[in-house]
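Undergrad: Before anything else, here's the structure in question.
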Amino acid sequence: VQLVESGGGLVQPGGSLRLSCAASGFSFSNYAMSWYRQAPGKERELVAAITSARAGGSTNYADSVKGQFTISRDNRKNTVYLQANSLKPEDTAVYYCNAKFNSGIREYSYWGQGTQVTVSS
């Protein structure tokens, strides 16, 4: 199982980034996918989530990023995206991709290695 994030970097306030998370080694379309972030000295927090294809691909966002970030998935490419617009310095963090599936017997959860997003002038 692999989750590989990309697309992070240094961006000026007000700028945009598109993060990608490429998945392999599991049945991607059956998994709910999420983006989390962790800023220095803070706990990891959920940013955005999208349900599995079977569950309709509905989305959910942290209040702090509603209207600013958009999560989407391409089940043909086994990839989940996070479009981050109007970035602010407080969005600076390591962004992690998570895949989750509950079989009814156990929960499967996988994490990527993270991609750094730095918002600074």
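Undergrad: Can you tell me which of 17-25, 102-110 comes out highest on packing, and rank the rest after it, using the mean Cβ neighbours within 10 Å?
TA: Ranking the peptides 17-25, 102-110 by packing returns 17-25, 102-110.
Undergrad: Run the dipole for the chain about the Cα centre, Lys and Arg Cβ at +1, Asp and Glu Cβ at -1, nothing else charged, and hand back the magnitude in debye, nearest 20.
TA: 300 debye
Undergrad: Now for a different question. Would you mind telling me the share, in percent, of accessible area of the stretch 38-94 contributed by carbon and sulfur at probe 1.4 angstrom?
TA: Carbon with sulfur: 46 percent of the solvent-accessible area.
Undergrad: Probe of 1.4 angstrom, ligands and nucleic acids ignored: what's the accessible area per residue over the chain, in square angstrom?
TA: Heavy-atom accessible area per residue stands at 54 Å².
The values are calculated or read from the model by the stated rules, or taken from the named source; none is laboratory data. Worth saying up front: this structure is predicted, and the values here are computed from it rather than measured. Every residue, glycine as well, gets a Cβ built from its backbone with ideal geometry; the counts of neighbours run over all protein chains shown. Only protein heavy atoms, including side chains, enter the accessible area calculation; ligands, DNA and RNA are left aside. Shrake-Rupley method; radii C 1.70, N 1.55, O 1.52, S 1.80 Å.
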